[in-house]
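The structure appears below as structure tokens.
Bear in mind these aren't lab numbers, they're just calculated from the coordinates by the rules spelled out. This structure is a prediction, so every number in the text was calculated from the model and none was measured. All Cβ positions, glycine included, derive from the backbone under ideal geometry; neighbour counts span all protein chains shown.
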Amino acid sequence: MIYFLTSLPLMMMRTFRTAVVALRRNLMRAVLTTLGIIIGIAAVIATVEIGGGVSRAIQASIADFGANNLIIIPGAASSGSHNWGEGSQLTLTADDALMIGEQSDAVHTVVPVVQTAGQVVTDDGHNWQMNQIVGTTTEYLDVRNWHDFQEGGMFTDLDLRNAARVCVIGDTLDRELFGGRTAVGKQVRIQGVALTVIGVLKAKGGDLFGNDQDNILIAPWRTIKFRLSNKAGADAVTTATGGLNTAMNSLNNLFPTGGQPLYPERSDIQLADAPAPIRFSNINLIQVTAKSADDVPAATAQIDTILRTTHRLRADQASDFQIHTMQEVSQILGTITGLLTLLLLSVAAISLVVGGVGIMNIMLVSVTERTREIGLRMSVGARGRDILLQFLVESVMLCGAGGALGILLGELASWLAVTKLMGWPAGFSPLAVAVAFGVSAAVGITFGFYPAWKASRLDPIEALRYE
Amino acid sequence: MANDKDLIRLHDVHKTYHLGEVDVKVLKGISLSILQGEMVALMGASGSGKSTLMNILGCLDRPSSGEYWLGGKLVSGMSPNQRALVRNQQMGFVFQNFNLLPRTSALENVMMPLNYTPTHISRRQGKKRAVAMLELVGLGERMDHHPSQLSGGQQQRVAIARALINNPPLLFADEPTGNLDSKTSREVLEMFGRINQQENITIIIVTHDANIAKVAPRVIRISDGVIVDGAFEGQPEPAAAGGGR
């Protein structure tokens, strides 16, 4: 036993050399045999790395959308047994947003959002149906991680306070309405209210779910809320303010809407004293950016406390709002891509098994073909375990070399697919490489054992006489 | 009956093969002794049991009963691994069909048995020894040639060099000239004589051909599983006759 242990390195060295020589004698066959392993391992590597690329791409687009983002929406309104669903209650106000910004230290940016939909018309008659008319504050683009303009720029805090009739439009809207002509300075009308375009955003493309993010119009939230008349905007004022809106007038007499009155009537003195009147200001949602992805849970908890306090909810009352984070979405998508990768991996694993059977087959052929050689080796003093080791090392080397080639091929494939074709962030996965190499060696041992064992059990006399 | 100079001593060796329900007795009580440095021809017709006897002498097979002493050690009781070691260290084989590894240089062929030595021999040392052996058999010029590039006689000489690489005291040649023409046969047999003389290596040539047996000073004749002639050294040399087909 001690002799066996001390002579092990020497034995391995000799065995390796013998195996290399034996494999070189039949190089073409060795390469063809290994093809199964090469393809199997390449498939494993490519699958893992392309899967990784997909999930990184998803993570990236979530991050683009804002991995740190939280969305607060009002709770569900219900009367009797009927529930109008999430967001149907009007509980959030712009003041809530302000309050969160002031009181929560895990929060970076808070913006209130008023959403509406409608037809947008230009002076020369182009029109486009919009369902993403967003009323918000100047920091909205920070939350969306969207900073680049084709021309013009974002509206200012002054525009916000004044409910200025300005807007910023997305690339799709620009194309549909202005089609190449300069948009900045032009007017668009929504529900009869004219807004001046002051900025055109750079294209951002589809979001996670394929929605066109460039089909957007952004305006100061007060502008949308109080100047435009539609359900999401002004109706809220009506229901929330009740009888107060009987004596309102429109600031926009040029395009009388015949719809909703916008402001409570105020005296000149009142106007002079308080340029920004106190308004009932229910909003559709609040978008929040946490300081970092790690701060998202803390931000969630703080927002919950703040809103429950400002909404004067008792401990036994359910919250009248809900907080959604992108982490939920990210988790779901992570699970889906994980499952897909697993599926592809199992297909790749099957191809590895097929490759292993190929190795076993050719090793059996090799043992039969070299029966005389085995007999000869035994006659000059090879023991059964020397022969076993020799054939085992041969099959492991076949698989190992196949694995190495497969890793190269797989890396190439994943590089082509992920980086070149799709433009996703590339990912070299050392784990996949290590596992692939280990698996190919294991396949070599598993499928090489039976032929090697068969060879080691040959009777030297019979083997020498074999024709 | 045997003395200390005996390299090989067989005492009442039997070999029985069990083929299904039939027992085939191939060797029926063989006793013989061979001295260190002898050159012996083992003769017998096919089916006489000479191949079986050679396999037992060559430690490739073990007797069903009886004792086999090689260099003072009882080989008949050894495990397969121990016998492998004996084959590696104490004997060399030369076969009728040469049994060289194809697509492998003469030098590599000669060095092959060194893979199975228990003691470490560096590749350089091994190469040196193999070159010396190839020069001994007169193939110093053709060390890089593959078997397919060598004539039959040259191939057999490579096989002889391979058999001698571990400096064994004993060399078996199983019909060594069976695949050679008469001229190269003569050359190979002369080489056996020279090795026997110069290196004091015991050589056992197994053959059915009386002409080949003639080169050996001593002939052991086997027929139907028993030795009919020449079992012990010093017995009268019979005239070359019989055997063959």
- Taking chain B as a Gaussian network, where each spring joins two C-alpha atoms under 10 Å apart, which residue of B:SER151, B:SER76, B:SER105 fluctuates the most? B:SER151
- With label points set 7 Å from each Cα along the Cα-to-Cβ direction at A:LYS291 and A:GLN317, the distance between them in nm comes to 3.1 nm
- Reachable aspartates and glutamates from B:LYS183, criterion Cα separation under 20 angstrom, eight or more residues apart if same chain: B:ASP174, B:GLU175, B:ASP209
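Starting with the fewest neighbours, write out A:ARG377, A:ARG175 ranked by other beta-carbon atoms found within 10 Å of each beta-carbon. Let's see the in-between values first.
Numbers: A:ARG377 26, A:ARG175 17.
Starting with the residue having the fewest Cβ neighbours, the order is A:ARG175, A:ARG377.
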- Work out the length of the dipole vector of chain B about its Cα centre, built from +1 on the beta-carbon of each Lys and Arg and -1 on the beta-carbon of each Asp and Glu, and round it to the nearest 20 debye. 660 debye
- Message: With equal scatterers on the alpha carbons only and no solvent term, can you work out the Debye log10 of I(q)/I(0) for the range B:6-229 at 0.08, 0.09, 0.11, 0.17 1/Å?
- Response: -0.29, -0.36, -0.54, -1.23
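Counting every Cα pair in the protein assembly as shown, what percent are over 51 Å apart? Could the numbers behind the result be given before it?
Numbers: 122109 of 253116 pairs.
Counting pairs separated by more than 51 Å, the tail of P(r) holds 48 percent.
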- Item | Percent of C-alpha pairs per 5 Å bin, the range A:81-190, short to long | 2, 9, 17, 20, 19, 14, 9, 7, 3, 1, 0
- Task: Taking the Cβ of each residue in A:ARG457, A:ARG144, A:ARG314, A:ARG56 as the centre, tally the other Cβ atoms inside 10 Å and list the residues starting with the fewest.
- Result: A:ARG314, A:ARG457, A:ARG56, A:ARG144
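So what's the back-of-envelope 222 nm ellipticity for chain B, counting only DSSP H runs of four-plus at -39500 (n - 2.57) apiece and dividing by all residues, rounded to 500? Please list the in-between numbers first.
Working: 7 runs with 74 residues, N = 245.
The helix contribution divided over chain B gives -9000 deg cm²/dmol.
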- Antiparallel DSSP beta bridges within the range B:6-229, as percent of all bridges there, nearest 5: 55 percent
- Query: Toward the positive end of the charge dipole of the protein assembly as shown, about the Cα centre and with charges on Cβ (Lys, Arg +1; Asp, Glu -1), which of A:VAL367, A:SER319, A:ALA57 goes farthest?
  - Reply: A:VAL367
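Assuming a ≥ b ≥ c are the square roots of the Cα gyration tensor eigenvalues, decide whether the range A:162-225 counts as rounded (a/c under 1.5), prolate (otherwise, with a/b larger than b/c) or oblate. Before the final figure, lay out the partial values.
On the way: a/c = 2.18, a/b = 1.38, b/c = 1.57.
In terms of gyration-tensor shape, oblate.
Test of understanding: ordering B:HIS120, B:HIS208 by Cβ neighbours within 10 Å, fewest first, what list do you get? Don't skip to the end; give the middle numbers.
Details: B:HIS120 15, B:HIS208 18.
Ascending Cβ contact count within 10 Å gives the list B:HIS120, B:HIS208.
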- Using a Gaussian network for chain B with springs between C-alpha atoms less than 10 Å apart, which of these wobbles most: B:GLU141, B:GLU175, B:GLU38? B:GLU141
- Item | Hydrodynamic radius (Kirkwood) for the range B:90-162, which is based on Cα pairs only, to one decimal in Å | 12.2 Å
- Connecting every pair of Cα atoms under 10 Å apart in chain B and solving the GNM, the largest mean-square fluctuation among B:VAL22, B:VAL226, B:VAL40 falls on B:VAL22
- How many angstrom separate the Cα center of the range A:328-391 from the Cα center of the range A:22-42? 11 Å
- Task: Among the lysines, select those whose C-alpha is under 24 Å from the C-alpha of A:LYS204, and discard any that sit fewer than 8 residues away in the same chain.
- Result: A:LYS186, A:LYS291, A:LYS420
